[in-house]
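K.L.:
I'd like to ask some things about the structure below.
The values are calculated or read from the model by the stated rules, or taken from the named source; none is laboratory data. This is a predicted model, so every value here is computed, not measured. A quick note on method: Cβ atoms are made from the backbone with ideal geometry, for glycine too, and the neighbour counts reach across all protein chains shown.
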Amino acid sequence: SFVRFGDEFFVYSSEYTLETLFMEMQDLTQTISKLSFECKGKTVRFTVSGAVGEFPRNASTVEKLLNLLSEGMRKAKVTGRAQIIFAPLEKESKMVMKSNYYLRSQLDGLVKLTALLNRTESSLLREALDDLLRKYKL
């Protein structure tokens, strides 16, 4: 099955092992990189970068797994693009504490959003940071 978030796609399967899915995704990446089409006189090509992981092998919750997959995708892009890598394991992923300052109105909005979406503040802030990094292609 496919789930799409912006330019990110999550593929989940109960039929493949992690290693088999990794090989299938590598094959798919190579197939897509060979495709092209013409648009307004220019050749358009695509690449796929991504990460594969397994629940509960990589992470103790699905939310943590999705964060680790996003981290893996960023690493795949930074280290050369057009590749599939294994997502880091939760126990290997180190969270870094940072002291930050926010406006009271921002914090109030964040509290309302956590209640509305039934999510944690940290997961929403990580999602926002992921969106910001994608926006600036980092």
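K.L.:
Scan the stretch 46-56 and tell me whether some residue there is aromatic (F, W, Y) and loosely packed, with under 10 Cβ neighbours inside 10 Å.
P.N.:
No, the stretch 46-56 contains no residue that is aromatic (F, W, Y) and loosely packed, with under 10 Cβ neighbours inside 10 Å.
K.L.:
Sticking with this one: All but one of (1) surrounded by 11 or more Cβ atoms within 10 Å (Cβ to Cβ); (2) of a type in the set (A, V, I, L, M); (3) touching a strand residue (DSSP E or B) at 6+ places or on another chain (Cβ under 9 Å) hold for L110; state the number of the condition that does not hold.
P.N.:
(3)
K.L.:
V78 passes all but one of (1) exposed (fewer than 11 other Cβ atoms within 10 Å of the Cβ); (2) not assigned by TED's automatic domain parsing to the domain that holds I32; which number fails?
P.N.:
Of (1) exposed (fewer than 11 other Cβ atoms within 10 Å of the Cβ); (2) not assigned by TED's automatic domain parsing to the domain that holds I32, only one is false for V78: (2).
K.L.:
Moving on. List pairs: first residue in the stretch 87-110 and more than 12 Å from K64 (Cβ to Cβ), second residue among the acidic types (D, E) and modelled with pLDDT of 70 or more anywhere in the structure, Cβ distance under 9 angstrom, at least six positions apart or on different chains.
P.N.:
Pairs found: L107/E121; L110/E121.
K.L.:
A further question on this structure: So which pairs qualify, if the first residue must be in the stretch 31-50 and within 21 Å of R134 (Cβ to Cβ), the second must be of a type in the set (D, E) and assigned to a strand (DSSP E or B), the Cβ gap must be under 6 Å, and the two must be at least 6 apart or on different chains?
P.N.:
From residues that are within 21 Å of R134 (Cβ to Cβ), there are no pairs.
Yes/no per residue for (1) at pLDDT 85 or above; (2) within 13 Å of the chain's Cα centre (by Cα); (3) polar (S, T, N, Q):
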residue: T79; (1), (2), (3): no, no, yes
residue: A82; (1), (2), (3): no, no, no
residue: K91; (1), (2), (3): no, no, no
residue: V96; (1), (2), (3): no, no, no
residue: Y102; (1), (2), (3): no, no, no
residue: L116; (1), (2), (3): yes, no, no
residue: R119; (1), (2), (3): no, no, no
residue: D131; (1), (2), (3): yes, yes, no
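K.L.:
Continuing with the same structure: When you check K42 against the structure, is it at pLDDT 85 or above and either of a type in the set (S, T, N, Q) or surrounded by fewer than 18 Cβ atoms within 10 Å (Cβ to Cβ) (or both), yes or no?
P.N.:
Yes; evaluated as a whole, the condition is true for this residue.
K.L.:
Would you say T61 is hydroxyl-bearing (S, T, Y), modelled with pLDDT of 85 or more and out of contact with any Leu (no Cβ under 8 Å at 6 or more places or on another chain)?
P.N.:
It is true that T61 is hydroxyl-bearing (S, T, Y), modelled with pLDDT of 85 or more and out of contact with any Leu (no Cβ under 8 Å at 6 or more places or on another chain).
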